[in-house]
Amino acid sequence: MSEQNPTYQDADLLLRIYDMRRETKMRASRDMVNSNFWPKSYEDCKAIGDHGHEQNEAWRQVTSYWEMVYGMAKHGIVHADYWVENNGEGIFVFAKIAPHLAEIRKNGSPTAFQYVEWAATQTEAGKRTFEFLSRMVKARLESQ
């Protein structure tokens, strides 16, 4: 992880990543995951992970996108805190599944959500964002 200030290249790549988020299909997938997916249990996470689930395509698109985005920071391609400060949405998705992560990994892929978890727990910006969003997600789930 770079200890230097963000560079022009960091900003340029960030803007390209943002453009990808605006693509029509990606926007619809993000809307579905962000607005409609509120897992109360591991079973909810497991269900959306089933290829037969009507929202599975959107789920795979969004989660693989955020893994790719945060993987760039984890591997030092971009300035990690700058990257996370400007890409908090992936941590929002992670906050929804984090309570079920151990079961997701045990019953699926042991590396599931490895980069978004890293961003949420190992970067200063991610820690702050994850703490805030976890409280928000918990309150929303308790109110349902």
So which residues in the range 100-117 are assigned to a helix (DSSP H, G or I) and in contact (Cβ under 8 Å) with a residue 24 or more places away in the chain, if there are any at all? HIS100, GLU103, ILE104, ASN107, GLN114, TYR115, VAL116
Looking at the range 6-21, can you tell me whether even one residue there is surrounded by 14 or more Cβ atoms within 10 Å (Cβ to Cβ), assigned to a loop (DSSP other than H, G, I, E, B) and within 16 Å of the chain's Cα centre (by Cα)? no
Residue satisfying condition, being more than 28 Å from ASN5 (Cα to Cα) and in a helix (DSSP H, G or I), within set ILE97, ILE91: ILE97
Selection count where residues are open to solvent by less than 30 Å² (accessible area, probe 1.4 Å) and of a type in the set (Val, Ile, Thr), scope the range 22-45: 1
If we scan the range 127-143, do we find a residue that is closer than 21 Å to SER41 by Cα, among the hydroxyl-bearing types (Ser, Thr, Tyr) and part of a helix (DSSP H, G or I)? yes
For ARG128, which of the numbered conditions (1) under 30 Å from GLN9 (Cα atoms); (2) modelled with pLDDT of 95 or more; (3) open to solvent by 80 Å² or more (accessible area, probe 1.4 Å); (4) in contact with a helix residue (DSSP H, G or I) (Cβ under 8 Å, 6 or more places away or on another chain) fails to hold? (4)
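Checking the condition open to solvent by less than 80 Å² (accessible area, probe 1.4 Å) and under 22 Å from LYS138 (Cβ atoms), which residue from GLY52, GLY90, GLY108 passes?
GLY90 is the lone residue from the list that is open to solvent by less than 80 Å² (accessible area, probe 1.4 Å) and under 22 Å from LYS138 (Cβ atoms).
The values are calculated or read from the model by the stated rules, or taken from the named source; none is laboratory data. The structure presented is a predicted model; accordingly, all values stated were derived computationally and were not measured. So basically every Cβ, Gly included, is an ideal-geometry build from the backbone, and we count neighbours across all protein chains shown. Just the protein is used for accessible areas: all its heavy atoms, side chains included, with ligands, DNA and RNA removed. Shrake-Rupley method; radii C 1.70, N 1.55, O 1.52, S 1.80 Å.
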